[in-house]
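S.K.: One structure, as structure tokens, below. Some questions next.
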Amino acid sequence: MARTLSWPDKGIPEIIYGTAFKFENTAPLVEAALKVGFRAIDTAGAKGAYREAFVGEGIAAAIEAGVCTRDKLYIQTKFSPYKAGKDTSLYPYDTTSPITTQVDQSITSSLANLRTDYIDCLILHSIYPSMEDTMTAYRAMELLVPTKVHSLGLSNIDLISLQHIYSSCAIKPVTVQNRFTRDTELNPIYTPGLPTPLVPWDRDVRAYCCQMGIAYAPWGMLWGSLDDLDGEEKILEEFGKKVGLSREIVCFAALRRLAGWVSPLCGTSKEGRMRETLDGLERIKAWMKENDGNKTQWERFMDKFKGIVDFGKEVKRIEGAE
């Protein structure tokens, strides 16, 4: 069953299907995600971790099958700045051309790959070493709004850079997509080159997003972070037992209810898990509405969760909590 989950006045869905590292399985997984009810898809034009053309293939198959229509989808892709030493063939533009030309070539490629005449949100995948180059790219992206692109966003960005862009730009970013982890140094067991927050759980960036009304899209929180989020009291696991759900789904539900607008990315490669996630999020909503006792248990759980991700401590058992 299709969900119409979105944050009021923003049009940004409450949960987004992420397509990174799906490679040759991208098309069938995107089609499956849409069939079970996801209505937001995240991708990127560069081929390092993404296969944008396969995303378009999966979307087209779902539309052709009558699963959804384009106007009911939220599609976001990224302009990925070239990084010195990388394989130039991974980028959908001439890496020797000016940045403004690169942006134009990238969006032209994305529109063709995704088989659409507009992108709901175009995200600057990462900032350049130079803020001048970063602003050049962002201003080139602004020129695409509102025709080829409906809104803009930022990704893998620190607080100071975010503040600078926000105060300098004409079209404000509606979303920030950052890695969500306690680690501020890259864990060697994960893919080399992944960004890390400067502050655990990206607290500084999240607080600014909340202040400015920017949707925050956390990614990577299930990569080795569940134990950290569970804390000593196993809060995710224990609450999951109350509602009959996995701690992963409980984590998604908790993230969505942090301060501000939070739209987590779900990148599962298992169709069953896709359905379980959407159904589970709705089950938690229904469970909380059943009675005041359930609502109180949820609030106590969220106090503990916020104690970990917002305040850097594990809140000890509250007197009278079950």
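The values are calculated or read from the model by the stated rules, or taken from the named source; none is laboratory data. Quick caveat: nothing in here was measured; it's all calculated off a predicted structure. No Cβ is skipped: glycine too gets one built from the backbone with ideal geometry, and neighbour counts run over all protein chains shown. Accessible surface is based on the protein model in full, side chains and every heavy atom, while ligands, DNA and RNA are left aside. Shrake-Rupley method; radii C 1.70, N 1.55, O 1.52, S 1.80 Å.
S.K.: Given +1 on the Cβ of Lys and Arg, -1 on the Cβ of Asp and Glu, and no further charges, what dipole in debye does segment 5-77 carry about its Cα centre, rounded to the nearest 20?
M.R.: That gives segment 5-77 a dipole magnitude of about 40 debye.
S.K.: Using a probe radius of 1.4 Å on heavy atoms only, what accessible surface per residue do you get for the chain? Whole Å² is fine.
M.R.: For the chain, the solvent-accessible area averages 45 Å² per residue.
S.K.: For the chain, report the translational diffusion coefficient in µm²/s to the nearest whole number, using Stokes-Einstein at 25 °C, 0.890 mPa s, and a Kirkwood Rh over Cα pairs.
M.R.: Estimated diffusion coefficient is 121 µm²/s.
S.K.: Between residue 147 and residue 169, what FRET efficiency comes out of the Förster formula 1/(1 + (r/R0)^6) with R0 = 22 Å and r the beta carbon distance, rounded to 0.05?
M.R.: Result of the calculation: an efficiency of 0.80.
S.K.: A further question follows. Per residue of segment 43-59, what does 6.51 cos²θ - 1.76 cosθ + 1.60 with θ = phi - 60° give for ³J(HN,Hα)? Whole Hz please, x for Gly and Pro, Karplus curve as stated.
M.R.: 8, 7, x, 6, 9, x, 10, 10, 10, 4, 4, 5, 4, x, 5, x, 5
S.K.: Which of 246, 103, 134 sits closest to the plus end of the dipole of the chain, meaning its Cα is farthest towards the positive end, when Lys and Arg get +1 and Asp and Glu get -1 on the C-beta?
M.R.: 246
S.K.: Here's a follow-up. Once phi is turned into ³J(HN,Hα) by the Karplus curve 6.51 cos²θ - 1.76 cosθ + 1.60 with θ = phi - 60°, what whole-Hz value does each residue of segment 218-228 show in order, with x for glycine and proline?
M.R.: x, 10, x, 6, 8, 7, x, 9, 4, 5, 5
S.K.: Work out how much length residue 289 to residue 95 would gain on full extension: take 0.36 nm times their residue separation and subtract the Cα-Cα distance, in nm to one decimal.
M.R.: 64.5 nm
S.K.: Leaving out ligands, DNA and RNA, and with a 1.4 Å probe, what % of the accessible surface on the chain is carbon or sulfur?
M.R.: On the chain, the fraction of accessible area on carbon and sulfur atoms equals 51 percent.
S.K.: Moving to a separate point now. Would you kindly state how much longer the chain becomes between residue 115 and residue 241 on full extension, computed as 0.36 nm times their sequence separation minus their alpha carbon distance, in nm to one decimal?
M.R.: Computed gain between residue 115 and residue 241 is 41.1 nm.
S.K.: Once each part is reduced to its C-alpha centroid, what is the distance from segment 200-253 to segment 272-316 in angstrom?
M.R.: Taking the Cα centre of each part, segment 200-253 and segment 272-316 sit 10 Å apart.
S.K.: In debye to the nearest 20, how big a dipole does segment 195-262 give about its Cα centre with +1 on each Lys and Arg Cβ and -1 on each Asp and Glu Cβ?
M.R.: Its charge dipole is roughly 340 debye.
S.K.: Could you calculate the contour length gain from residue 271 to residue 227, that is, 0.36 nm times the residue separation minus the distance between their Cα atoms, to one decimal place in nm?
M.R.: Taking residue 271 through residue 227 to full extension adds about 13.4 nm, to one decimal.
S.K.: Considering amide H positions built from the backbone, and no H for Pro or chain starts, which residues 5 or more places from residue 119, or on another chain, come under 5 Å of its amide H?
M.R.: 149, 150
S.K.: Ok, one more. With an 8 Å Cα cut-off and a minimum separation of 6 or more residues, compute the relative contact order for segment 1-141 in percent.
M.R.: 22
S.K.: Among 89, 50, 296, which residue has its Cα positioned farthest towards the positive end of the charge dipole of the chain, with +1 placed on the Cβ of Lys and Arg, -1 on the Cβ of Asp and Glu, and the dipole taken about the Cα centre?
M.R.: 296
S.K.: Evaluate the charge dipole of the chain about its Cα centre and quote only its size in Debye, nearest 20, assuming +1 on the Cβ of each Lys and Arg and -1 on the Cβ of each Asp and Glu.
M.R.: For the chain, the charge dipole is close to 440 debye.
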